[in-house]
Amino acid sequence: MSESSGAVPMVRAERVHKSFGPLKVLKGIDLEVAPREVFCLIGPSGSGKSTFLRCINHLEKINAGRLWVDGELVGYRQHRGKLYELKDREVASKRRDIGMVFQRFNLFPHMTALENVMEAPVHVKRESKASARERAMKLLDRVGLADKAPNYPSQLSGGQQQRVAIARALAMEPKLMLFDEPTSALDPELVGDVLDVMRGLAEDGMTMVVVTHEMGFAREVGDALVFMDDGVVVEAGHPREVLTNPQHERTKSFLSKVL
Amino acid sequence: MTVPTDKEPSATPAAPPPSPEAIVAIPVRHYGRWISAVVALSVLGLIGYAFSQGDVNYGAIPDYFFNDQILRGVRNTVWLTFLAMLLGVGLGVVLAVMRLSKNPVNSALAWFYIWFFRGTPVYVQLLVWINLGIVFKTINLGFYQDEWADFMTPFLAALLGLGLNEAAYMAEIVRAGIQSVDEGQTEASHALGMSHGKTLRRVVLPQAMRVIVPPTGNEFINMLKTTSLVIAVAYFDLLQAAQDVGSESGAAVEMLFLASVWYVILTTVFSIGQYYLERRYARGSARRLPPTPFQRVRANLRSLRRPEVAK
């Protein structure tokens, strides 16, 4: 895949709407994430940024609009102008190319760190155990936790658990990584280790969509930034511009509270 | 500065200050424990005395304890318990998954099954199974066909009656277990591209086990005793054996005592097994494992002993 601006966007959203019953969470989101880009989503809680992230890998179904990942519709197939829902199996197979990291880690507590990382390659991709183990050890080494391979999640700190969770997502060799407030549940002194791992990923050219409250990370690593509030994109641009010179009142008032 | 060690000239400066004297106090006396123990023991003694004065031939119990018929009944009871529980657990898991399925047909079927089997007494169900010949004169499974009366043996009626009823209860236990697992676990495995079935087998059920095992042990012990109802379909279980032996030997009530002793022995053995199984599943989640029964008995005896004041 080339880096040129003419390439297919990794994520494209067109007037995406999502509501939970009467509650409208997303009210027409338009955005594009280019390949190899680090795309940051910021905004107050309840603004819909996490919901939008979950729509990208179809953990939530959108109600209106269109959403594409790597040129393919998310959750549907279009044929002669009609939309057909994808079967569970097809949805699952598309998710294999999209890694996701959760705020609360969601490691499997009954498996060791190594088993967590090996689980999907062995049981979804049908990779041999030996080769999955070898790759899992390399990934754990990459996130700085090779020595924790035999430990259970309950024996790891929050920061270590989150880094294992990143390794687990990378084990499927995704083309896109989604991060849902990956450092929000961590003690302040553990945040740095996780951000370092994410910075390394960005340098290796991984396409990343990051919902975050870490403005320092967004400014330093981000290629694009969107400020969301009340289900709409209020302001978009390069992180340094938006964060240092916000144009909208709502952006200004939000940033004045978090910076 | 008024630090005491500075003031005392006799204290050697190099020696660390001595640790304070250990507390010597008279412990609280638990008179209530002694009183309740005396009351309980005397009531038990009176009951025991009444039984010893009754017209009971206690010698018959040890005489027939290892009687061939009785042992055959014990074997049949244990065997039936295992098979009925196996059927109950297997079908219960299937029903629980159906009940939680997004498929409305599956979910409604499971709901109906549970509603029906929990709504009728198991004794009635046993009687219905053995008498279903009134509806089905013959059975034809393609590869196997027979008269219903020959097909529905007492053993099969007992197994189906107990196992299918148990499945309804197990389904609810398994459902509670599945629902106790954090939703984030399902989301994480879906995000990795795992299918619903794989998520259930690899992620949800292993974590649900901790909630499922204790009530299942309870069901197991319950089943062991409920098998005594299969006398309704003339299956030769422990109770049937005791009654047969009782009518032959003329010691009918004594044989009921004998059967009770056997039931208590069997449930005790299974209770111990259940306790250690639960202990195993508590590993990793509980910080400290609960004490084994022996450790607990020893701890209780120690508390009854007169407390020593100072050691």
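List of remarks:
- Helix B:238-249 and the longest principal axis of the Cα set of chain B meet at an angle near 70°.
- Counting Lys and Arg as +1 and Asp and Glu as -1 over every other residue whose Cβ lies under 13 Å from the Cβ of A:Lys175, the net charge comes to -2.
- With a simple spin-label model that places each label point 7 Å from the Cα along the Cα-to-Cβ direction, the separation between B:Phe143 and A:Glu220 comes to 6.8 nm.
- Averaged over residues, the count of other Cβ atoms within 10 Å places the peptides A:120-133, A:47-60 in the sequence A:47-60, A:120-133, highest first.
- Debye intensity ratio in log₁₀ form over the Cα atoms of region B:22-76, taken at each q of 0.19, 0.22, 0.26 Å⁻¹: -0.83, -0.89, -0.97
- The mean count of C-beta atoms from other chains within 10 Å of the C-beta of residues in A:168-174, rounded to a whole number, is 2.
- Global form of region B:100-162, assessed from the alpha-carbon gyration tensor, a/c cut-off 1.5: oblate
- Electrostatic dipole magnitude of region A:65-127 [Cβ: Lys, Arg +1; Asp, Glu -1; Cα centre; debye, to 20]: 360
- Ranked by the mean number of other Cβ atoms within 10 Å per residue, highest first, peptides B:66-79, B:29-42, B:266-279, A:169-182 order as A:169-182, B:66-79, B:266-279, B:29-42.
- Nearest-ten-degree value, helix B:68-99 long axis tilted from longest Cα axis of chain B: 90
- Amide N of region B:243-274 lying under 20 Å from the label point, which is placed 7 angstrom from the Cα of B:Arg298 along Cα→Cβ: B:272-273
- Compared with the dominant Cα axis of chain B, that is its longest principal axis, helix B:205-226 is turned about 70°.
- Mean Cβ count within 10 Å, highest first, over the residues of peptides A:110-117, A:142-149: A:110-117, A:142-149
- Peptide A:98-110, shielding by other chains (average Cβ, 10 Å cutoff): 5
- Inter-site label distance for B:Ile134 and B:Val43 at 7 Å from Cα along Cβ, in nm: 4.6
- Projected label points at B:Thr267 and B:Tyr123, each 7 Å from Cα along the beta carbon direction, are separated by 1.7 nanometres.
- Around B:Met152: net Lys/Arg minus Asp/Glu count, Cβ-Cβ under 14 Å: -2
- Pairwise FRET efficiency - B:Trp111 versus A:Leu255, Cβ, R0 = 51 Å, nearest 0.05: 0.45
- Kyte-Doolittle mean at least 0.0 and Cα axial length at least 15 Å: DSSP H helices in chain A: A:113-123, A:188-203
- Within 10 Å of the Cβ of each residue in A:59-72, the mean number of Cβ atoms contributed by other protein chains is 0.
- FRET efficiency, A:Ser131 to A:Asp230 (Cβ-Cβ, R0 60 Å, nearest 0.05): 0.80
- Positive minus negative residues near A:Gly65 (Lys, Arg vs Asp, Glu; Cβ under 14 Å): +3
Readers should treat all values here as calculations from the given coordinates under stated rules, not as data from a laboratory. Given the structure is predicted, the values throughout are model-derived calculations rather than measurements. When we count neighbours, we look across all protein chains shown, and the Cβ atoms used for this are built from the backbone with ideal geometry, even at glycine.
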